[in-house]
Every structure is written in structure tokens, then in C-alpha cells.
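**Q** The structure that follows is given in the form of C-alpha cells.
The values are calculated or read from the model by the stated rules, or taken from the named source; none is laboratory data. Keep in mind the model is a prediction, meaning the values are calculated, not measured. With ideal geometry, Cβ positions are generated from the backbone for all residues, glycine too; neighbour counts draw on all protein chains shown.
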Amino acid sequence: MRFDRISLRNFKCYEDAQLRFDSGVTVIHGLNGSGKSSLLEACFFALYGSRALDTTLDEVVTIGAEETIVELDFTHGGESYRVRRRIRVSNGDARTAECVLDGPGGTTEGATDVRGRVTSMLRMDTEAFVNCAYVRQGEVNKLINASPSVRQDTLDDLLQLGKLEEYRDRASDARVGVGRVRDDKRGALTEVEEQLEAKEAKDLHERHNAVASELSETEAQIERYEENQADAEQSREAAIEVIEAYEEKREELTEIEDDIEQLRERIQETERKRESLADRASECREELADARDERDESLGALGIDAGDDLDSRVSERIDSVEAEIDDLTNEIRELSVTKTEHDNEAERLASEADELESMAEEKREEADELADELAASKEKLAERRERLDEMATEIEEKRAAFADAPVAVEEASAYREEVAEELGDIRERRSELSAQLDGEREQVAEVDALLEAGKCPECGQPVEGSPHVSDIDERRERVAELEGELADAEAREQARSDDLERARELEEIATEVQRLNSDRENLEQILEEREATIEDKERRVEQLREAAAEHEADAASSREAAEQAREQAQEYKAEIAECNQQKAELDDRLGTLNALSERLDEIASLEEELANLRSQREEKETMNGERRDRLGELRERRSDLQAEFDEDRIEQARKRKQKAETYLDEVAETLAELESQRADLQGKLGGIEAEIDAMAELRERHEQLRETVERLDSLYEEAEQLEDMYRQLRSELRQRNVESLERMLNETFDLVYENDTYSRIEVDGEYRLTVYQKDGEELDPEQLSGGERALFNLSLRCAIYQLLAEGIEGTAPMPPLILDEPTVFLDSGHVSQLVELIDAMYDLGVEQILVVSHDDELVDAADTLVTVRKDSTTNRSTVDRLDDVQGIDKQALAASGD
Ligand SMILES: Nc1ncnc2c1ncn2[C@@H]1O[C@H](COP(=O)(O)OP(=O)(O)OP(=O)(O)O)[C@@H](O)[C@H]1O
Ligand SMILES: [Zn+2]
């Protein structure tokens, strides 16, 4: 195994550092505290994690940093691997955030799994690694200081003897397990053997034979008894037959006696009935005599002779009387209908007369009233005529006013309108003239004033020659003209105004005349109408009086007719009474006839009954005769049966039956006993057979168990042998290892420690180490001096590496030999020996050796020199590496690193 490269980030004093490793001897040097040990620790930590630390995980993280990353590349068995760990600090607590091992076998993740894989690859756990490969600062003596048992475990593990122990344990477990099963099976076998012995002691087959012969004897007995039983049953049956025949006859006899008794009773019963029939017949005869007497009486009363066909004759008579009665009844009904009609007529007429009379009265009253009214109307009419005449005079008077008027009465209104219109026109003309006159007068006055001032008022020119002044005279003439016209107009206005006054008066009178005329016309019309009404009323009075007279005449004739009707009704009533009389007589006769008919019926039915009674009696007589014959027969049969009975024979039969039954009871008991005996024996036999079967089964089981136990025994032996073999192998191997180790240790120790003090070193089976002095004295290695101990220890490690290289099949782990300050206890002479030892180990096959040292001699022996420096200002370390340093002035280099 070989480290190839380490890469650090924030690991202790390193901020960021990479270092490549090569085969051969690498010497790391630098000042105290520059970080040399930390570099080796980093490699160890990369492989084993926190187990590799004496301290807690957070101490590897650079103070103040949050994350540390360590990566180690290494080669093992010709293959490359890389392990990477990342530590995170949070809240002062450091934990592994990432841990990965990459290699040909795949990727392993997680601190535990990675450590497991590394351990099995190197065949070293943390402890073994520091015991063997990694000599930490001040721990050079670790292996010899360790107790022999720790050393033993470490070496056994390294040399894979531990595996053998494991196999031995497994074989032992298997042996114990097999032993347990075998013991169980043995127990079971013993049990089965005991059971078998117990069963064999019982003599099962002999018992089986004895029980079987007893059973066949019992069965023979049962057969015999069953035969006897059948015989007894037969004789009992025969007896029962005889007894039953006897019982049958007895029954018949009893039946016959019953029949005889019954027959006798019936005969007596029938005789009684015959007697009662005779009684009834004599009653009938008496009744018949009575009925015949009554019939004869009726015949006499009705005058009918008692000849042939009496029945039909009587019924003919009844029919004719009934017809007569019917006719009469109809007649009476018709008569009373007519009578009622007449009664009703009389009543109707009487009330009619009443009505007519009252109507006449009414008419007359009305006529009187009307007459009174008429007288009053005539008076009023006369008064009105007078008024009419007055009105005519009034109108004449008014008309007189128009005698000297310019118009007639009828034109008064038109005349007034004409005058009023003319007056209006005149007035208009008059005011026009007066206005014109005022204007002219004003202008004349103006011109006069101008003339006085001498200037024209229009143009301001001198008045002389002005157009305005020149027509002044014309104007004065016009004023005069207008004044004349006005006076004329005023005069006409006065005249017309007077005319209008007169026209108004006339119009008024004309209006009055008109009104009076129309009033008179109205009155005249009314009067005419009234006069016509009076004539109408006078006619009406006359009519009413005539009508009243007519009604009275009618009433009188109605009363007469009513009287006649009443008389007729009276006549009908008398007729009806007569009819009723006749009908009563006929009813009487019908009653007599009906009674006669009933008697005749009675006589006929009595005669019939008598005949019937006679025949019944005869019938019963015959029946009893027959019964008496039957009675004789029965009596004969009874005496026959009574003669047949044989009491002795029956008594014998009864005895035989009794005997058979007794025997049957006994035999049933015996048989039951025998059968239960047989069942017992069969049960026993079954039990024995089952036991025999069980014994066979047990034998089989016994055989199986025996075989199993045998097999288990041999298995147990095998396991024991295996266990022994592993134990032996281990101790043999260890012995061989011990011998080799002893030889190698002596050789190495001789090589590095050339003096005469010690003769040899002894390693015993428990890896106990003893040093022998030349004089033969024994010495514990701890008693050696510091330097001696260091050399001894290194020799031991060297021997172990040698053993590993020789003694292990497959890839020997051979991890790099790491020595931190190994020269501390050595004098200069022994440093050279150390260098030789290192060379020897390299030759042995330890591919890589890492040494931390200041020693010049060691620096000289290095293939690669690594210098570690720490920057005093930042307190951070760096690494430098120098390859192929053989032949260069390494001391100078090393010195320059200091
Ligand atoms: N977690 C950490 N963070 C920062 N620095 C640390 C941490 N742990 C240790 N150191 C420092 O790292 C330095 C490394 O010491 P280390 O033991 O590796 O040095 P060295 O070269 O082996 O010294 P010596 O020759 O004395 O053995 C020390 O100075 C220590 O203070
Ligand atoms: Zn003028």
C-alpha cells in the first residue's frame, strides 16, 4: 500500500495545502510547531476518521474556520483509491458532513462504512495501525508496552489467525446445536422404548385368542335361545287364534240379542201409531157429520137443491152475484161523479152572480164621481171665456196707439232699428265736421300770428309772396263752409233723436200687443181642448151606467142557472142511495154462498183424510207382519249359537298362551344378557387389536428415532472434529508465526544493535517477549534503556512487516511505515543503525516510508525531502517538496528550510 497525494483545506494549521507522495523514503522536516506531525495525522485521519484522533473532532478544524476537507489518494493491490472527508462546524459542534471512499470496488459512503472498508482492506483497525505502521511522536515503545493479550490479538488479526478462531466458534456453536437436538431425540427414543416394553409385557396376542373363543361360544348360545324363542312364539300364535274365534262368536250372539230387542220395540211402536190413527179417524167422522148438517141448512136458505154438480152450481152462483155487485159499484161511481159535477156548477154560477153584482156596483159609483167632476169643469170653462173677451178688448186699446204712427204694429221694431242707424251716421258726420273745423281754425290762427310777425313760419322767408300766406283767404272760406255744415248736422241730429224716442215707445207697445195675442191664442186652444174633454166624459158616464145595468141583468140569470144545477144534484143523490141499498142485499147473499162453498170443501177434505187414515193403518199392519217373521229367524240363530260354545277348549287355549308368554319373557331377558356379554367381548377384542396396532406404530417410530439419533451422533462427532481442527490449526499456525517472528526479530535486532550484552530474544506462544543476556539472565524488554527499547520496538515492527510479507496469501497490506521523530532516544551511532533498518524494510517490500526528523543522517538517506514552513504573521503552514534529492546537498537545503 502507498499514499499518493494528500490535500488539505482548513486542517489545523493548514489553510490550503497539497502534497504528492512517492515510493521510497520521504523525510519531512521543519521548525517546531510548523505542522509536520499534523501532516501525518491528516493521512491517518483520512483513513480512520475520528477514531484516529486523541482529541475531539472540532480540533482538526482550523480555529475560526467552518469547514475542513481532507482528501487522500492511495494505491492498494495495484488499484487507485480516494478517500474524502468533509467536517462542518456549526454552533461549536463539529460533525462529518461527507465521507466517501472511491475505488475499484465501487463507492462507499458514511464514516462507519468507510472505516469498515479500510479496516478490512488493511486488515488493521485504528489500534492495529498505530501498533504496527504508525509510530506516533513519543509512542515508539507502544507495542512492547502493550499487554501480551493485546499484542496477541493484534498479531493474530494481522496474520488472519482471528478468522480461524471465528470458524472454530462457529463449529462449536454447530456442535452444541446438534448436541441439543440429539439429546432431545434421545429422550424421545428412551420414552418410546419404555412404552414398547410396557406393551410387550401385556401378552396382547394370547389375550386376543382367549377373548375370541369366549365370543364364539356366546354367539352359539344366542343362536340356540333364538330358536327356542321362535317356537314359543308359534304356539302362542295358535292359542290366540282359538281364543279370537271364540270372541267373534260371542260378539255375534250379543249383536243378535240386540237386534231382537230392537225389533220388538219397533213392533210395539208401530202398534201405538196404528191406535192413534184409529182415534183420528173417528174424530173425522164426527166433523163430517157436522159439516153435512151445516151444508143442508145453507142449501135450504139459498133454495138450491142438493143434486149433482153442487160444487159447480154454487160457484156459478157466486160468480153471477159478484158480477152484479161489480155493475152496481160502477153505477154508483158514475152517479156520484155526475152529482159532483152539478154541485160544482151550482157553486161556480153562484159566485159568478156575486161577482157581476159587485162589478155593477163599481161602475155605478164611478159614473157618479165622473158626473160630479163634469159639473165643476163646466163652471171653470165659463170663467175662462170671460177672461178671453177681456184680452180682446185690451189688444184693441193698444192697437189704437198706432193710429197716427208712421208704421204698422208689426214693423215697430224694424223702424226703431232704422232710426237708430241713421242717428249714428249723423252723429259720426257731425264729429268729423267739428274736428275738421277745429283744424282749419287753428291754421287760420297760426297764419294770423305770422302775418303779425312778418315772416313765413315755414321757410322764414318774408311773408310777402310766400305760398303759405297766399291761400289764407281760401282757408277762411272753408271755415265758414264747415261751420254751416256743422249747424245743419246738429239740427238733423236733434230731429232724429226725437224720432228714436217715439220709435222706442212704439216698439214697446207692439211687444205688449204681441204677448197678449199669443196669450189669447194659448187660452183659446186650452179652452177648445177642455171642451172636447167634457164631451168625452159625458159619453163615459153614459157608458158606465149602461154597463152597470148589463152586469145586473147577467147576475140575475146566473143565479137562476145555479138553482137549477143544485136541484139536479139533489136528484142524483137520491139515485145513489137506492143503488147502495141494492148492493147491500147482494153482499149478504154472497156471504151465504161463500160459507156454503167452504163447507163443501171441508166435507171433501175430511172424506179424503178418512180414506188416507185407513190406508196407513193397513200399511203398518203389513210392516209389523214382516217384522214378526224376522224376529222368529233371529231367535232360531240365537239358539243355534248358544248350542255351539265349548268352554273346555277355550280354557286349554288360554293356558297354552299363558305358558308361551312366560317363556318368551324369560328368554328375552337371557338373550339381552348374552347380547350385552357379546358386545363387551367385541369391545375388548377391538381394544386389544387397537393396542396391537399401536405397538406396531411404536416399533416403526422407535426405528426412525434410532436412525435419527445415530445420524445426529455422527454429525456431532464431525462438528467436534471440525472444532478441534480449527483450534489445532490456529495453535499450529501461531506456533509457526511465533517461530518466524522470533527468528526475524533476532536477526533484525542483531542487525541494528551490534553489541555483546544480549544473546537472543525469545517469543513464546502468547507473544510474550523475553530478552536473554549473554550470561543467561532473563530481562523484560521494559527494563531496556530508552534507546534500546526504541531499537527493539522498531526491530519488532520490522519483523512483523517481514512476517506479513512472507506469511500472508494474496495482497499483503504492507501499509507505509510512518515514524514521527524516531531518533529522539538514539545516539548518533544508533541513528545509522536506524537508517540501515529503514533500508532493510524497503528491501523487504515496504514500499513507502515516511519519517519526520531533524536528523541530518536521515535527511541524507531521503529519496524525497519535504519542508514545512509556517508564516509567522498569518500562522498558516505551507509544504514544499523536492524530488530526486539523492546526490544534492540536502543538508544545505534542509538548513535553508530552517
Ligand atoms: N485547530 C488548529 N488550528 C490552527 N492551528 C492549530 C490547530 N491545531 C494545532 N495548531 C497549530 O499547528 C501547529 C502544528 O503543530 P505540529 O505538532 O504539527 O508541529 P511540528 O512541526 O510537528 O512541531 P514539533 O517539531 O515541535 O513536533 C502548532 O503550532 C499548533 O499551534
Ligand atoms: Zn318759408
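**Q** Just one of the numbered conditions (1) within 27 Å of residue 841 (Cβ to Cβ); (2) hydrophobic (A, V, I, L, M, F, W, C); (3) within 12 Å of ligand 1 (Cβ to nearest atom) is not true of residue 57; which one?
**A** All conditions are met except number (1).
For every residue, the table says whether it meets (1) surrounded by 15 or more Cβ atoms within 10 Å (Cβ to Cβ); (2) hydroxyl-bearing (Ser, Thr, Tyr); (3) under 30 Å from residue 592 (Cβ atoms).
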position: 320; (1), (2), (3): no, yes, yes
position: 339; (1), (2), (3): yes, no, no
position: 344; (1), (2), (3): no, no, no
position: 403; (1), (2), (3): no, no, no
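**Q** What residue, of 34, 23, 38, 80, is hydroxyl-bearing (Ser, Thr, Tyr) and in contact with a Cys (Cβ under 7 Å, 6 or more places away or on another chain)? Please lay out each step first, then the result.
**A** Values: 34 fails: in contact with a Cys (Cβ under 7 Å, 6 or more places away or on another chain); 23 fails: in contact with a Cys (Cβ under 7 Å, 6 or more places away or on another chain); 80 fails: in contact with a Cys (Cβ under 7 Å, 6 or more places away or on another chain).
Exactly one of 34, 23, 38, 80 is hydroxyl-bearing (Ser, Thr, Tyr) and in contact with a Cys (Cβ under 7 Å, 6 or more places away or on another chain), namely 38.
**Q** Please go through the range 17-44 and pick out each residue that is away from ligand 1 (no atom under 13 Å from the Cβ), not hydrophobic (A, V, I, L, M, F, W, C) and not in a strand (DSSP E or B).
**A** 22, 23
**Q** On to the next question. Consider residue 550 carefully, then state whether it is closer than 25 Å to residue 372 by Cβ and not hydrophobic (A, V, I, L, M, F, W, C).
**A** Details: closer than 25 Å to residue 372 by Cβ: yes; not hydrophobic (A, V, I, L, M, F, W, C): yes.
Yes.
**Q** Moving to a separate point now. Here are some conditions: (1) closer than 22 Å to residue 477 by Cβ; (2) away from ligand 2 (no atom under 16 Å from the Cβ). Residue 426 meets all but one. Which one does it not meet?
**A** So the condition that residue 426 fails would be (1).
**Q** Of the residues 871, 843, only one is in the same structural domain as residue 118 (by TED's automatic domain parsing), charged (D, E, K, R) and away from ligand 1 (no atom under 16 Å from the Cβ); which? Can you show your working first?
**A** Working: 871 fails: away from ligand 1 (no atom under 16 Å from the Cβ).
None of the other options fit; the residue is 843.
**Q** Further question on the same structure: Please enumerate the residues belonging to the range 14-52 that are out of contact with any helix residue (DSSP H, G or I) (no Cβ under 8 Å at 6 or more places or on another chain) and hydroxyl-bearing (Ser, Thr, Tyr).
**A** Answer for the range 14-52, where residues must be out of contact with any helix residue (DSSP H, G or I) (no Cβ under 8 Å at 6 or more places or on another chain) and hydroxyl-bearing (Ser, Thr, Tyr): 23, 26, 34, 37, 38.
**Q** Quick check, is residue 22 at pLDDT below 90 and not aliphatic (A, V, I, L, M)? Show your work before the answer.
**A** Numbers: at pLDDT below 90: no; not aliphatic (A, V, I, L, M): yes.
For residue 22, the condition - at pLDDT below 90 and not aliphatic (A, V, I, L, M) - is not met.
**Q** With the requirement that a residue be loosely packed, with under 15 Cβ neighbours inside 10 Å and in contact with a helix residue (DSSP H, G or I) (Cβ under 8 Å, 6 or more places away or on another chain), what does the range 75-104 give you?
**A** Matches in the range 75-104: 92, 93, 95.
**Q** So, in the range 45-65, of the ones that are aliphatic (A, V, I, L, M), touching a residue at least 24 places away in the same chain (Cβ under 8 Å) and not in a helix (DSSP H, G or I), which residue ends up nearest to residue 129 (Cα to Cα)?
**A** Just the residues of the range 45-65 that are aliphatic (A, V, I, L, M), to begin with: 46-47, 52-53, 57, 60-61, 63, 65.
This time we only want the ones that are touching a residue at least 24 places away in the same chain (Cβ under 8 Å), so: 46-47, 52, 57, 60-61, 65.
Still in the list and also not in a helix (DSSP H, G or I): 61, 65.
Numbers: 61: 23, 65: 30 Å.
Top of the filtered list is 61.
**Q** OK, next. Can you tell me which of 853, 877 is within 16 Å of ligand 1 (Cβ to nearest atom), farther than 24 Å from residue 139 by Cα, modelled with pLDDT of 80 or more and crowded, with 21+ Cβ neighbours inside 10 Å? Walk me through it before giving the result.
**A** On the way: 853 fails: farther than 24 Å from residue 139 by Cα.
Matching residue, one of 853, 877: 877.
**Q** Please go through the range 655-691 and pick out each residue that is of a type in the set (Lys, Arg) and closer than 17 Å to residue 234 by Cβ. Please lay out each step first, then the result.
**A** Of all residues in the range 655-691, those of a type in the set (Lys, Arg) come to 655-657, 659, 678, 684.
Those that are of a type in the set (Lys, Arg) and closer than 17 Å to residue 234 by Cβ: 655, 656, 657, 659.
**Q** May I pose another question? So, in the range 563-602, how many residues would count as being within 15 Å of residue 318 (Cα to Cα) and among the polar types (S, T, N, Q)?
**A** Within the range 563-602, residues that are within 15 Å of residue 318 (Cα to Cα) and among the polar types (S, T, N, Q) number 3.
**Q** Now a separate question. When you scan the range 601-628, how many residues do you find that are within 15 Å of residue 262 (Cβ to Cβ) and charged (D, E, K, R)?
**A** Kept after step one, since they are within 15 Å of residue 262 (Cβ to Cβ), are these residues of the range 601-628: 623-624, 626-628.
From the residues that got through so far, the ones that are charged (D, E, K, R) too are 626-628.
Number satisfying all stated conditions: 3.
**Q** Could you tell me whether the range 463-474 includes any residue that is away from ligand 2 (no atom under 16 Å from the Cβ) and either surrounded by fewer than 11 Cβ atoms within 10 Å (Cβ to Cβ) or at pLDDT 75 or above (or both)? Before you say what the answer is, go through the steps one by one.
**A** Within the range 463-474, the first condition is being away from ligand 2 (no atom under 16 Å from the Cβ), and the residues that meet it are 473-474.
Okay, now just the ones that are also either surrounded by fewer than 11 Cβ atoms within 10 Å (Cβ to Cβ) or at pLDDT 75 or above (or both), so 473-474.
Looking through the range 463-474, at least one residue is away from ligand 2 (no atom under 16 Å from the Cβ) and either surrounded by fewer than 11 Cβ atoms within 10 Å (Cβ to Cβ) or at pLDDT 75 or above (or both).
**Q** Could you list, in sequence order, all residues of the range 16-35 that are crowded, with 17+ Cβ neighbours inside 10 Å and either farther than 17 Å from residue 848 by Cβ or free of Cβ contacts under 8 Å to residues at least 24 places away in the same chain (or both)?
**A** Matches in the range 16-35: 17, 29, 30, 34, 35.
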